[in-house]
Amino acid sequence: MGKERHEDDAHDDHDMPHTPELDPEEEAALEEEFEDMDVNKDGVIDLEEFLEGNARRKSGIEKRKEEEAKETKWWISWDSMEKRVKKKRWLGMSTSEDMTLKLWDFDDRKNKCRATLNGPLDGEHCVHEAPIRVAAIDLDRRCAVTGAMDGTLALWDIEAMEMKTAFLTGKYGAILCIDCDFARSRMVTGTAEGSFCIWNAERLFLIREIAAHDGARLCVARADFDQGRGVSGAQDGRLRTWDLESGECLGTFDLHGDMISTAIVDFDASRVLSGADDGSLLLWHLDSRAQLAAYEGHEDRVNVIRADADKNLAVTGSNDETARVWEVSSGVCRGVLRGHTLGVRDVQVDWEAEIQVAITCSDDRTIRSWNLSTFECTGILEGHRSRVNVICAMLEREPRMLVSGSADYTLRLWNLDSMECEEEMCTHSGKIISLIA
């Protein structure tokens, strides 16, 4: 009997289709749509009313699509952008070999990638037609500058998401380094042809080209426009100081034995700490070019230098698979951070923490956290599928966060307190070159 009753029930269900019950919200929505279509209010929707109502419905959908497209194009309003900056939201910018610049709000839970720039300039050609190597941003002024390997420069309005102006001839060579003072509307760039160029940053016209290093690729371009001084460094193994007003070379520092790879400049203290491909690190005086200290320890190219003058400390990363902690004034090595199995690409340091912390990223695809009191590794972040080129950290609030950019085309957002990846961002289609956040 039970089996027969079950077969009968199944047969009845097949013969009589089941109509699902609507929840109150769905029912209210249908009633509202019916009332909207029933123009004559006679309780019946005729063909003419149906066609008119359907047209209005399609119009509403198209309008919503247009609004969504506008949001994607224009990012956010002046008012909301101002609020985001005032609220100290974590905003950033990345550049890539895919020839695009992307703007990010890393605090946005739904849509962190706010805009992609470098669209067609004339319907066919882009502003940059080569990988974007360098960038600078000023959130308060809502503008950014990018430089590419084809020698082009672009100034962007990051509120309207439009290019304001560009330098498109590329005749001074690939842009390899940049230092921008948006407040004074001035910037300097270093090129692959050895040119140290001084620009009006508001209109992107050249003020002066200096043939600084006889065709050697520049990897260092620093400037202080208040003091009118600049520093360039190149693969000819030399660093030079410049009078930005006259273009006169004030002197040359040539005590490195190999190509210059990186440098930081303290114009107020007249100090320069420079690194080279042979692992040498030298501290020297900006005015006299006298060597003040030699930092001995690295055995291969120095990729990055981070320093805090008040703490008298510096952390460097090298292709010798280590990072080192130094006393700036004396050049004494305080400790060695060992653990990476390939070169260290970038370093971030929390100088203000009770126990100072360094974060390093490497060609070995990992990111490591270090205790700078014990010089021990306190955690490893894994997930990238290729070398990690660059990292930026937000260490002033809880939880402490880190964003990384990799040659696997992705950015990843990490929680440094839980040591977990919170999100992988896959919007670029080329290797990440630079990251500002």
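Here is how the numbers come out for the structure above:
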item: Breaking point among (1) outside any strand (DSSP E or B); (2) at negative phi; (3) not hydrophobic (A, V, I, L, M, F, W, C), for Gly230; result: (1)
item: Among residues of segment 376-405, those that are open to solvent by less than 30 Å² (accessible area, probe 1.4 Å) and modelled with pLDDT under 95, counted; result: 1
item: Which listed residue is under 24 Å from Gln291 (Cα atoms) and either of a type outside the set (A, V, I, L, M) or at pLDDT below 95 (or both), from Thr241, Thr191, Thr169; result: Thr241
item: So Gly279, is it assigned to a loop (DSSP other than H, G, I, E, B) and modelled with pLDDT of 95 or more; result: yes
item: Top-ranked residue of segment 299-318 - restricted to ones that are open to solvent by 60 Å² or more (accessible area, probe 1.4 Å) and either under 25 Å from the mean Cα position of the chain (by Cα) or hydrophobic (A, V, I, L, M, F, W, C) (or both), ranked as modelled with the lowest pLDDT; result: Ala309
item: Residue ranges of strands (runs of 3 or more DSSP E) in segment 375-437 with at least 3 members among the charged types (D, E, K, R); result: 420-425
item: Residue in segment 87-106 that is surrounded by the most Cβ atoms within 10 Å (Cβ to Cβ), counting only those that are of a type in the set (D, E, K, R) and not in a loop (DSSP other than H, G, I, E, B); result: Lys102
item: Residue ID - surrounded by the most Cβ atoms within 10 Å (Cβ to Cβ), chosen from residues in segment 186-212 that are within 23 Å of the chain's Cα centre (by Cα) and within 17 Å of Ala174 (Cβ to Cβ); result: Gly190
item: Selection from segment 282-300 of residues that are closer than 14 Å to Gly257 by Cα and outside any strand (DSSP E or B); result: Glu296, His298, Glu299, Asp300
item: Residue match in segment 51-67 (condition: within 26 Å of Lys164 (Cβ to Cβ) and either modelled with pLDDT under 65 or open to solvent by 90 Å² or more (accessible area, probe 1.4 Å) (or both)); result: yes
item: Checking Leu206 against (1) under 20 Å from Ser434 (Cα atoms); (2) of a type outside the set (D, E, K, R); (3) in contact with a Cys (Cβ under 7 Å, 6 or more places away or on another chain), the condition it does not meet; result: (1)
item: Test: residue in segment 146-162 that is at pLDDT 95 or above, open to solvent by 30 Å² or more (accessible area, probe 1.4 Å) and out of contact with any strand residue (DSSP E or B) (no Cβ under 6 Å at 6 or more places or on another chain); result: yes
item: Residue in segment 128-146 that is in contact (Cβ under 8 Å) with a residue 60 or more places away in the chain and not in a strand (DSSP E or B) present; result: yes
item: Test: residue in segment 164-172 that is closer than 19 Å to Thr262 by Cβ, out of contact with any helix residue (DSSP H, G or I) (no Cβ under 9 Å at 6 or more places or on another chain) and either buried (at least 20 other Cβ atoms within 10 Å of the Cβ) or touching a residue at least 60 places away in the same chain (Cβ under 8 Å) (or both); result: no
item: Top-ranked residue in segment 282-298 [being in contact with a Leu (Cβ under 7 Å, 6 or more places away or on another chain) and crowded, with 19+ Cβ neighbours inside 10 Å; ranked as nearest to Trp370 (Cα to Cα)]; result: His298
item: Every residue from segment 244-263 that is surrounded by fewer than 20 Cβ atoms within 10 Å (Cβ to Cβ) and in a strand (DSSP E or B); result: Cys249, Leu250, Gly251, Thr252
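The values are calculated or read from the model by the stated rules, or taken from the named source; none is laboratory data. It should be emphasised that the depicted structure is a prediction, and the values quoted were computed from it without experimental measurement. Cβ: placed from backbone, ideal geometry, glycine included. Neighbour counts: every protein chain shown. Note: accessible area is taken over every heavy atom of the protein model, side chains too, but ligands, DNA and RNA are not part of it. Shrake-Rupley method; radii C 1.70, N 1.55, O 1.52, S 1.80 Å.
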